[in-house]
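Worksheet: one structure, shown below.
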Amino acid sequence: MGGASNSRDLSDGPDRKCLATGEVQPKHGLVRFVIGPDGQVVADIMGKLPGRGVYVTAEREALENAVKKKLFSRGFKTQVTMPDGMVDEVERQILRRLVELLSLARKSGAAVGGYEKVKDWLSKEEAQVLIQAIDGSGRGKSKLSTPHKGNYIGCLTADELGMAFGRQTVIHAALASGGLSKRVVEEAQRLQGMRKTVGGTGRTEG
């Protein structure tokens, strides 16, 4: 693996510098990458793989630029190879992680799906995050409002939301405060960044 054995990530604090933009920002807004045993760049979505890491802002354009301009070799200070379709794979992995987190929240009773349940949670001020499918009816979605000082997630399709809730499709969902809500919102913001070029219909508000 390239780099000195005692090399650490770009700083010891919670912020990291993006390889593509040069901007310093909180780690949750970036994607960490390490070098695999075969010298190939590996996306570390969970941020737990061993080795020195470099970071790229969780936005499709930034990641595409990092690949196109061969910035990973510069960042790791050694020649590395890039897997085919890495940008799309990063999006898939972030999506998988977001679905897993929502599923865990559902199983713990911290998330509900379905218009009536979401409406009930909103009326009782139990919801901290409103989640609505990109491809859901605009008229139907407009009947529910984001909780006061809460968050809105709109970067998932009805099928993807359905996977998290054990159904074929889900249009409306809500997440209670505490527990996994912060991690869900952060992961959704990363996914939204990776999907910014897809129609511009999805949105996630923090």
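The values are calculated or read from the model by the stated rules, or taken from the named source; none is laboratory data. Predicted, not measured: the structure shown is a model, and the values here were computed from it. Please note: Cβ atoms are built from the backbone with ideal geometry, for glycine as well, and neighbour counts cover all protein chains shown.
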Are there any pairs, at least 6 apart or on different chains, whose C-beta atoms fall under 6 Å, with the first in segment 146-171 and closer than 17 Å to residue 116 by Cβ and in the same structural domain as residue 123 (by TED's automatic domain parsing) and the second acidic (Asp, Glu) and assigned to a loop (DSSP other than H, G, I, E, B), and if so, which?
158/135
Pairs, please: C-beta under 9 Å, at least 6 apart or cross-chain, first residue more than 13 Å from residue 156 (Cβ to Cβ) and in segment 129-141, second assigned to a helix (DSSP H, G or I) and among the aromatic types (Phe, Trp, Tyr)?
140/115
Given the structure, is residue 52 in contact with a Ser or Thr (Cβ under 6 Å, 6 or more places away or on another chain) and at pLDDT below 95?
yes
What number of residues within segment 130-167 are polar (S, T, N, Q) and either under 22 Å from residue 109 (Cβ atoms) or within 18 Å of the chain's Cα centre (by Cα) (or both)?
4
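In the list 19, 30, which residue meets the criterion of being under 10 Å from residue 55 (Cα atoms), in contact with a Lys or Arg (Cβ under 6 Å, 6 or more places away or on another chain), assigned by TED's automatic domain parsing to the domain that holds residue 55 and at pLDDT 95 or above?
That would be 30, the only listed residue that is under 10 Å from residue 55 (Cα atoms), in contact with a Lys or Arg (Cβ under 6 Å, 6 or more places away or on another chain), assigned by TED's automatic domain parsing to the domain that holds residue 55 and at pLDDT 95 or above.
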